[in-house]
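The values are calculated or read from the model by the stated rules, or taken from the named source; none is laboratory data. Values in this document were obtained by computation on a predicted structure and should not be read as measured data. Glycine also receives a Cβ, built like all others from the backbone with ideal geometry; neighbour counts cover every protein chain displayed.
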Amino acid sequence: MNMNKRHEVKKVSFENNHMRLEVDGKEYVFDLRDVSSRLLEASMEERMRFEISPSGYGIHWPLIDEDLSIDGLLGVGHKPSGARLRSQHKA
């Protein structure tokens, strides 16, 4: 069984109605209105209580029962809805 990571998620943070992720060495900013009404309406405590899957496939927020796939957020296989690439490489 191959246990290679799908993605390397290094950072998850929130600022106002935006979620910032560092994935595979790149930083992305998502408008929560575009990706999750549950996260948009959640308190900062609920937003900050998350679990990144060991495979790097997704992120789970147990307090609000929300799951987001990294591929879905990054638009792998389809056009991304609310992502903006902030920087190409981490300094």
Discussion item. Give all pairs with beta carbons closer than 7 Å in which a residue from region 38-52 that is closer than 12 Å to ASP65 by Cβ meets a residue that is part of a helix (DSSP H, G or I) and of a type outside the set (Asp, Glu); count only pairs at least 6 apart in sequence or on separate chains.
Written reply: LEU39/LEU32; LEU39/ARG47
Item to complete: Search region 45-89 for residues being among the basic types (Lys, Arg) and in contact with an Asp or Glu (Cβ under 9 Å, 6 or more places away or on another chain), and hand back the single one that is modelled with the highest pLDDT.
Response: ARG84
Item to complete: State which residue pairs qualify: first residue at pLDDT below 90 and inside region 1-14, second residue surrounded by 15 or more Cβ atoms within 10 Å (Cβ to Cβ) in any location, beta carbons under 6 Å apart, and separation of 6 or more residues or different chains.
Response: LYS5/GLY56; ARG6/GLY56; ARG6/TYR57
Item to complete: Sort out for me the helices (runs of 4 or more DSSP H) sitting completely within region 1-79 that have 3 or more residues that are crowded, with 18+ Cβ neighbours inside 10 Å and of a type outside the set (Asp, Glu).
Response: 70-74
Worksheet entry | Residue match in region 19-28 (condition: at pLDDT 95 or above and in contact with a Ser or Thr (Cβ under 6 Å, 6 or more places away or on another chain)) | yes
